[in-house]
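The values are calculated or read from the model by the stated rules, or taken from the named source; none is laboratory data. The structure presented is a predicted model; accordingly, all values stated were derived computationally and were not measured. Here the Cβ is made from the backbone with ideal geometry for all residues, glycine too, and neighbour counts use every protein chain on show.
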Amino acid sequence: MATTAARAHVDQWSNTVTPVFAAITTLCAATALAGVIDGSVWIGHVAVAIIVVAGSGIALRALRFPILLIGVAQLFALMCLVVALFTSEGVLGFLPSPKAIDQIGDVLRGAVTVIQTGVPPVEPTTPILCLVVIAIGLVAVLVDALAVAAGTPAASGLVLLCVYAVPASLADDMLPWWSFVLGAGSYALLLYVDGTHRHQVWRGRSSRSGGASVGTPIALVGVAMVLALFIGGTFTLIGTVGQLPGNAGSGSGAGGFSIKPFTNLRGMLNQKGNQEMFRVRGQPEDRRYLRATTLKRFVANQGWDSGVAMPSGSPLSGELPLEPGRSGEGPTSRIEIEPVSSEDNWAPVFGSPRRVEGLTGDVRFDEASGSVYSRRQRKFPTYVEFADMSQPTYDQLRASRPAGGDVRPEYLDLPALDPQIGALARRLTANATNQWDKVRALKAYFSPDNGFQYRTETAAKSDADALVDFLFKGKIGYCEQYASAMAVLVRAAGIPARVAIGYTAGFQMSDYRSITTQDAHAWVEVYFPQYGWVTVDPTPLADGRAYTPPYMNPQTNAAPNKPDGSSSSAQSSAADNGPNSQAKPKDDGGGGAADTAAAQEAKSWVVSATGGALIGGLLLAGLAMTGRRRRWSGVGALAVGAGVLWLLTLVFACALVSWWLAILVALIGLLAFPAFTRIFRRRHRLHTVAGRSMNAAEAAWAELLAESWDRGATIPDTDTVRMTARRLVREHSLDDEGREGLRTVVGVIERSWYGGTQEPDPTLPQAVENVRQSMRRNAPLALRAKLMPRSVLSPRKRRTSLEDD
């Protein structure tokens, strides 16, 4: 009988503890998606999908379902979750139906569109959330099957590695370090649990050692490796930055030629909220663009980037080095820039910066790119820029000589392009006699008269070459597409060009201009030997945010702009009215956009806290379950900690709906926590008694003392076991059944403590239950004692070395 109980004990370990750790490992590995999906809302959806898969597997194994049916049932449970979350046509709200399946198909088609046009990190829209839930849910099913059903959790590491490989091949930046720590730590715990189980199998304590297996470990590892490589090499399609080797370009579509450092700004074009990024004071009235950085290298069918490595740059002490083509003789304007919710490597500047004050010593200036930057992402403090804002006139640009060899060759380099692109550049500039006329001819090609339209969604893919598709077929895009395409055409015409990214001028708010996420923008800069880099914006913005420099209009041929802004264009005066009413937040003292940003930041914090509490609760619960098998002394503390984290998870989840609801739930949870703690301790002790382990006698005695203590009985620590038993009979008026049960318990205790007998007594569980029932009949607990048990709030001193009440 003991051997059978031990086998059942170990099998219960395999069917409960291992699935919990497999689920935790999958959830920790899924955090790698933070590199390709913006925000933190998606982690809650992923956690729910993993819990559904793991929970259904644990329940069905407890009912002894066949292994193959368990996998099928987990897939069905995952389908029901997808129907409940992303459709409105499910039977009873969650069961699949033909209409619900059609809706899921529509949602996934939307995800394909995002995949073809998006650049990571993408917004957590409904299509992306649906795709992530399905993908991670399938990973959870496979990991659960390998770790539990097949008994080879080590093989699941190859599947989990695929979860890291996909975002690693897509994201421009390194994946979060904490994601690797979580993944490695949880995987190590999973292997530890498996190692403990295998040690018990080796000792002959598990019934699984002689059973049929799903397959040999070598075969399972081989299958897992093939699946990981196939999935990673085939479905790495989000965005355009990269895939695994051998799949370049297969995921690009219209708009697929991205500006890589523009990745963080691009998501701002489609987001529902409008966050304030900067407040600018002292800016000239001509609505000049605020430049973050510039990009010099174009990679065919991928996009523009700043090159292989960050430049060395110059410190911000004193006068800054002159940018190429600048004389440094023009007057400067003092401009104060206050970052509000911007966190980036670049501190944006206007014009040609001559001096920057207020930034720390590790921030540097690169005159080649015109960027003020730090090697680590941060929120910069308020800083002051002294900028040369002078500009050439229309006639001066027409009279300028060609740039030729005045710039580095990298600003003229182009990879092998489709012949149509070079032919288009030559045709558009055929009648131009100077460099400026060529640039204006190329810019004019992107006008609405040629069929180009400005939208935040690109046209459907119709050609394998994204640049060709935009220039000749789709002709629909936002600033990223326009700036990318025109810069390529300018270089194809033999003129130095680069792409600049930053912000439009924003709108006036009392004594400052407010620049928000809706002002994120990209444009082209063309080099002229005597005047440096000149702004040319091909994007046909129609909302008043565009800036048309005076040199673009032959009728406006005034002198270069003065620092006080006395010279301006007709476009500038008209555009000072700001963006349309929908984009402009209310002027409520400067708090409109900031309040929205604060609300979104608070929501993001709550979601992150919810996910963190849930992960912590699962981890502590798994450790507590492990501790119960290995008789750790801190099991109770781990279980209580898991309970606290689960309560926090519920509170934070309620906070997403209402803070008042969260406060109410927190108060109820705090009031009920002692009672739940008492219930857990009682169940733990009675489980130990029923399991007839070596600690069964001590657990039984501790539980009876706790029951007595909850009822107000005071038992001196100097009493012997028999004296304590007589006191229990007298204090709680035990009847004959209770007395007989207590007599049995005392006998087992004495044999265990003093007789050296460790064999479990089969009559002990029933005896304990008889005593407890007698206490209930003759000394029932008051409501206050149930809600505020003394054994939890004021525990007695340690009676034994193993039990602490």
Given the conditions (1) among the polar types (S, T, N, Q); (2) within 23 Å of residue 108 (Cα to Cα); (3) at pLDDT 75 or above, every one holds for residue 169 apart from (3)
For segment 777-805, pairs from a residue that is at pLDDT below 80 and surrounded by 16 or more Cβ atoms within 10 Å (Cβ to Cβ) to a residue that is of a type in the set (Ser, Thr, Tyr) and in a helix (DSSP H, G or I), with Cβ under 8 Å and 6 or more apart or across chains, are 805/791
Taking segment 493-540 and the residues there that are of a type in the set (Ser, Thr, Tyr) and assigned to a loop (DSSP other than H, G, I, E, B), the one that is nearest to residue 282 (Cα to Cα) would be 510
The residue from 455, 375, 398 that alone is in contact (Cβ under 8 Å) with a residue 40 or more places away in the chain and basic (Lys, Arg) is 375
In segment 293-336, anything closer than 17 Å to residue 407 by Cα, out of contact with any Asp or Glu (no Cβ under 6 Å at 6 or more places or on another chain), part of a loop (DSSP other than H, G, I, E, B) and not aliphatic (A, V, I, L, M) is listed as 306, 307, 324, 325, 326, 327
Counting only residues in segment 403-414 that are in a loop (DSSP other than H, G, I, E, B) and in contact with a Lys or Arg (Cβ under 9 Å, 6 or more places away or on another chain), the one surrounded by the most Cβ atoms within 10 Å (Cβ to Cβ) is identified as 412
Per the filter on segment 49-78, residues over 21 Å from residue 24 (Cα atoms) and either among the charged types (D, E, K, R) or buried (at least 18 other Cβ atoms within 10 Å of the Cβ) (or both) are 64
Of the residues in segment 59-95, those that are under 15 Å from residue 107 (Cα atoms), assigned to a helix (DSSP H, G or I) and not small (Gly, Ala, Ser) come to 79, 81, 82, 83, 85, 86
Exercise for review: Would you be able to say whether some residue in segment 360-374 is modelled with pLDDT of 90 or more and surrounded by fewer than 20 Cβ atoms within 10 Å (Cβ to Cβ)?
Suggested key: no
Check: If you check residue 343 against the conditions, is it surrounded by fewer than 16 Cβ atoms within 10 Å (Cβ to Cβ) and under 21 Å from residue 275 (Cβ atoms)?
Finding: yes
The correct count of residues that are touching a helix residue (DSSP H, G or I) at 6+ places or on another chain (Cβ under 9 Å) and surrounded by fewer than 17 Cβ atoms within 10 Å (Cβ to Cβ) in segment 86-99 is 7
Exercise. Would you check if there is a residue in segment 743-754 being without any contact (Cβ under 8 Å) to a residue 60 or more places away in the chain, surrounded by 13 or more Cβ atoms within 10 Å (Cβ to Cβ) and not in a helix (DSSP H, G or I)?
Key: no
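Yes/no per residue for (1) modelled with pLDDT of 90 or more; (2) touching a strand residue (DSSP E or B) at 6+ places or on another chain (Cβ under 7 Å); (3) farther than 28 Å from residue 531 by Cβ; (4) part of a helix (DSSP H, G or I):
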| position | (1), (2), (3), (4) |
| --- | --- |
| 420 | yes, no, yes, yes |
| 426 | yes, no, no, yes |
| 441 | yes, no, no, yes |
| 449 | no, no, yes, yes |
| 460 | no, no, yes, no |
| 464 | no, no, yes, no |
| 480 | no, yes, no, yes |
| 484 | no, yes, no, yes |
| 491 | yes, yes, no, yes |
Flagged in segment 116-131 as at pLDDT below 65 and either in a helix (DSSP H, G or I) or among the hydrophobic types (A, V, I, L, M, F, W, C) (or both), in numbering order, are 116, 117, 119
Q.
Could you go through segment 519-541 and let me know if any residue there is aromatic (Phe, Trp, Tyr), at pLDDT 85 or above, buried (at least 21 other Cβ atoms within 10 Å of the Cβ) and more than 24 Å from residue 436 (Cβ to Cβ).
A. no
